[in-house]
Amino acid sequence: MKTSPFRVIFNRPSTAMEKYLLTIILAYIVIVALKNPLFFSLETLFDMLRSGSGVMILAVGVLLVLISGGIDVSFTAIAVVSGYTSVQLMMALGIDNVLFAFMVSIAVGCLLGAVNALLISRFKLPTLIVTLGTASAYHGLMATVLGTKSYPTGAMPQSMVEFGSANLVVINSETGRYGLTVFLPIVIFVLGLTWFILYRTMLGRQIFAVGSNEESASRLGINITRTKLFVYSYSGALSGLMGIIYFSELKYVNPVSLVGSELMIIAAVVIGGAKLTGGEGTILGTILGIVVVQLFQSTLVFLGLGSSWNDLFFGAVLLMSLGVMYYRQRIQDRKSLVFATS
């Protein structure tokens with residue numbers, strides 16, 4: 001019997017949503033390639049990997065929060081505040097070292113994520129309400145204490161500029177010089193670590209259990225507060241990681257540029273099969289959801305379309321995905337004799 005490639009790589013069969021997204025991605029790639037053969041190039045692939053690396057890291061954090069039954073809209077604010085705090089501290093101390101930048105930014109992000117978790121657990125408030133408030137509070141605190149001054153390439157720490165320009169492999173061609181970003185190993189490490197936590201540890205099972213039914217998880221002896229503290233701290237740490245990658249990629253420190261993209265990232269994770277009600281979500285689905293976003297953002301130029309078409313295509317895929325997901329859920333509920341009460 002032929003073995004599915006999904007089963008070989010992920011030790012499980014693919015979900016219906018993963019197959020659906022993969023079909024959309026392959027169909028879209030064929031259409032773009034037929035319209036413009038220049039699409040099939042290493043340069044396009046490398047550009048997408050560079051621009052999608054930071055978004056992928058944020059999406060992984062969002063995935064954990066959604067699986068745990070919550071929703072977090074403060075992660076972009078945490079990324080900006082963490083990265084900007086790190087840059088300001090480097091300048092104040094005269095330390096121009098990108099490892100120091102990562103350590104400080106991840107620590108600040110982890111701390112801000114822990115504050116989210118403690119507020120959610122302490123006051124029993126909806127996660128959306130808490131993170132809406134903390135997103136504004138974190139950004140306001142940064143603006144009050146550190147300011148919102150932007151730093152162009154020449155004024156920002158040079159170690160970050162060099163890190164953002166570094167490549168694993170450089171290729172010289174007739175169209176120019178391009179390379180494979182050093183961000184890629186970081187993304188692979190984050191994906192592997194998150195996969196291990198979710199599917200190879202007791203903590204991962206507890207995250208799924210809390211997201212499926214918090215009351216039942218509590219009766220089983222799972223510490224809800226500790227589980228949420230890990231989920232939001234981990235998401236905050238990934239946001240801090242993204243903050244340095246984002247500023248390094250842009251080669252421009254702007255403390256307001258990233259905020260506003262959180263809904264697109266959440267939507268991409270939901271497209272990948274993560275349930276807004278918690279308890280479900282996969283790493284592969286999240287990867288495919290982000291690939292869809294990156295394809296629409298990076299390849300419309302090959303079709304001769306403007307950037308405004310990106311919202312139309314992405315919105316259509318989002319609606320179709322949610323339609324398919326909840327239609328299949330209704331069919332499954334009917335087979336299981338489960339009916340909504342309202």
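The values are calculated or read from the model by the stated rules, or taken from the named source; none is laboratory data. Note that the structure is predicted; figures quoted are calculated from it, not measured. Cβ placement follows ideal geometry from the backbone for every residue including glycine, while neighbour counts extend to all protein chains displayed. To get the accessible areas, we keep the full protein, side chains included, count just its heavy atoms, and leave off ligands, DNA and RNA. Shrake-Rupley method; radii C 1.70, N 1.55, O 1.52, S 1.80 Å.
Apply the membrane-span-like helix rule to the chain: whole DSSP H runs, Cα extent along the own long axis of at least 24 Å, mean Kyte-Doolittle hydropathy at least -0.5. List the helices found. Provide the component values of the computation, followed by the final result.
Working: long enough: 16-35 (29 Å, 1.71); 42-67 (35 Å, 1.76); 75-93 (27 Å, 1.50); 98-123 (37 Å, 2.09); 127-145 (26 Å, 1.19); 183-200 (25 Å, 2.01); 224-250 (39 Å, 0.76); 308-335 (42 Å, -0.05).
Correct list, ordered by number: 16-35, 42-67, 75-93, 98-123, 127-145, 183-200, 224-250, 308-335.
Starting from one equal scatterer on each C-alpha and no solvent at all, send me the Debye-based log10 I(q)/I(0) for region 62-151 at q = 0.11, 0.25 Å⁻¹, two decimals.
So the normalised log intensities are -0.34, -1.23.
Could you give the length gained on full extension between Glu215 and Asn167, defined as 0.36 nm per residue of separation minus the Cα-Cα distance, in nm? Intermediate results must be reported in sequence, preceding the final value.
Working: separation 48, 0.36 × 48 = 17.28 nm, distance 4.83 nm.
Going from the current span to full extension adds 12.5 nm.
Given +1 on the Cβ of Lys and Arg, -1 on the Cβ of Asp and Glu, and no further charges, what dipole in debye does the chain carry about its Cα centre, rounded to the nearest 20? Walk me through the numbers before you get to the answer.
On the way: 21 positive and 14 negative charges, 223 e Å.
The dipole magnitude comes to about 1060 debye.
Name the lysines eligible as straight-distance cross-link partners of Lys335: C-alpha to C-alpha under 23 Å, and not fewer than 8 places from it in the same chain.
Lys19, Lys275
I'd like to know which of Leu141, Ser41, Tyr84 lies farthest towards the positive end of the charge dipole of region 1-143, counting +1 on Cβ of Lys and Arg and -1 on Cβ of Asp and Glu.
Ser41
Average the reciprocal distances over every distinct pair of alpha-carbons in the chain, invert the result, and give the Kirkwood radius in Å. Don't skip to the answer; put the middle values down first.
Values: mean 1/r = 0.0472 Å⁻¹.
Averaging 1/r across every pair of different Cα atoms and inverting gives 21.2 Å.
Counting only the backbone N, which residues of region 49-78 are under 18 Å from the spot 7 Å out from the Cα of Ser136 toward its beta-carbon?
72-78
List every residue whose amide H lies under 5 Å from the amide H of Gly179, counting only residues 5 or more places away in sequence or on a different chain, with H placed 1.01 Å from N in the peptide plane.
Here the answer is Ile171, since their amide H atoms fall under 5 Å of that of Gly179.
Under a point spin-label approximation (7 Å from Cα along Cα-to-Cβ), what is the Asp333-Ala92 distance to one decimal in nm?
Inter-label distance under the simple model: 5.2 nm.
So if R0 is 22 Å, what FRET efficiency would Tyr199 and Leu276 give, r being the distance between their Cβ atoms, rounded to the nearest 0.05?
The computed FRET efficiency comes out at 0.55.
Quick one: pull the percent of accessible area on the chain belonging to carbon and sulfur, 1.4 Å probe, ligands and nucleic acids left out. Write down the numbers at each step before the final one.
Values: 11070 of 16770 Å².
Carbon and sulfur atoms account for 66 percent of the accessible area of the chain.
Please give the per residue accessible area of the chain, computed with a probe of 1.4 Å over protein heavy atoms only, in Å². Provide the component values of the computation, followed by the final result.
On the way: 16770 Å² over 342 residues.
Roughly 49 Å² per residue, with all protein chains present.
With the contact rule set at Cα under 8 Å and sequence spacing of 6 or more, what percent relative contact order holds for the chain? Walk me through the intermediate numbers first.
Working: 501 pairs, mean separation 107.3, N = 342.
RCO, the chain: 31 percent.
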